Amino acid sequence: MGKMCQRCILDSSKEGELCDRCRSYDDFLRSFNQKEIALNIKKILRELQLKSKKGKYDIAVAFSGGKDSSYLLYVLKKYYRLNILAISVLHPLVGDLARKNMKKVTDKLGIDWLGYEIDNDMYKKIMTYALLNSHKYEESFHPCSVCTYLQMTVIYNLTASKKIPFLATALDKSQALRGIIYGKDLEKNIQRLFSLKSVFGAFKKVFGNKYDNTVYDLRYFEKFSTPDIIEPFFITSLKSPLEIRKKLNSLGILKMEDSDSKLTNCQATSLFNYYLFQNKDKKFYQKMISQEMKTGYKGYFLDSWNFKGEKSRQKHNLKWNNKNIKKAVEEMEKIIEFIANHSDFSKHYSYLKKKYVFLFCFVGEENFQQIIDFQSNMYYY
């Protein structure tokens, strides 16, 4: 049996060494100069600021209504004074809170907003196909990657068709790719960006040529000049999601309760994650947590567990370390299995609390309840 990785909770061949995923990530980081990229992003934004003309968009932003893209809009508007078009893809799994945030944030900042409604029948067909057939494809093909593909393809094509020179994404520091992807290099990066091989192939299999020459067609942008993609979170000084949420709250842009990713993100994620866990990867949840640990950027889980669970850990004399994080994730996996197999799970809260007392004490009661509430969404979908 493998030993635990020095950095995350996955197995390593030797105690005290990095796992394959962490080593690959370090190799990836060494392949480019992050400081140089940050300087180049600042240079691009300042040049846009100097060239900015009234009535013409300098940059488009992929806007989800969540904390990261809301903060990105604020930075580009406040510090660089750019003319921005915020573009959102609206599909059946975009929740009410995210939709309200889209209007609230863009109105507050005085930014133009384009909400593009996805063809619902098309969306349901391709997502159903992904749920039923993703096990036949490589690891990168699953419902979430299909949704990401659709959103980024539509937003990129809309940006190109409106002749906007840049598209900014709000990928956080655990998700960002290379900081800048120049339009001329898009062809060689496109498979990595959009999981092209699997998703585009599945899209064509389901629909044939029906959506060729539309914004759903990955090659549609070739009719226009090709925008460059930038990831400005390379230059932000904020270190965690909690810092971003506090900043947005202090600025009066989004209240803390309106910027929680568990509420603004796709509410069907609980179902999709469980499907992947059951059908494709029994280490899925461990890999998800390890992604945050690997990059040193506490995201969806660790930020909340660390902050809201601190008093509980002090009370029960539990340390915040990799061994305990892994134990907590393993208990979370068992709770998710229980919820999936017991539709009356709400009657068993006391049982779950006693059975998985380590997780309860390690993350705190609020996080423990949120895990159960979030996973219960799978029954709705």
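The figures follow:
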read-out	value
Phe284, sole failed condition from (1) in contact (Cβ under 8 Å) with a residue 60 or more places away in the chain; (2) within 16 Å of the chain's Cα centre (by Cα)	(1)
Tabulated pairs, region 146-165, first surrounded by fewer than 21 Cβ atoms within 10 Å (Cβ to Cβ), second modelled with pLDDT under 85 and not aliphatic (A, V, I, L, M), C-beta under 7 angstrom, 6+ apart or interchain	Met152/Phe194; Ser161/Phe224; Lys163/Phe224; Lys163/Ser225
Qualifying residue in region 230-248 (condition: in a strand (DSSP E or B) and crowded, with 18+ Cβ neighbours inside 10 Å)	yes
Enumerated helices (runs of 4 or more DSSP H) restricted to region 270-342, each holding at least 2 residues that are modelled with pLDDT of 95 or more	310-315, 322-341
Hits in region 1-14 - residues which are under 20 Å from Ala328 (Cα atoms), at pLDDT below 90 and either basic (Lys, Arg) or assigned to a loop (DSSP other than H, G, I, E, B) (or both)	Met1, Gly2, Lys3
Single condition Asp172 does not satisfy, out of (1) at pLDDT 80 or above; (2) over 27 Å from Lys56 (Cβ atoms); (3) surrounded by 20 or more Cβ atoms within 10 Å (Cβ to Cβ); (4) not small (Gly, Ala, Ser)	(1)
Among (1) part of a helix (DSSP H, G or I); (2) of a type outside the set (A, V, I, L, M); (3) in contact with a strand residue (DSSP E or B) (Cβ under 8 Å, 6 or more places away or on another chain) - the single one Asp27 does not satisfy	(3)
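The values are calculated or read from the model by the stated rules, or taken from the named source; none is laboratory data. Here the structure is a predicted model, which is why all the values come from computation and not from measurement. In this analysis, Cβ positions are derived from the backbone assuming ideal geometry, glycine residues included, and neighbour counts consider all displayed protein chains.
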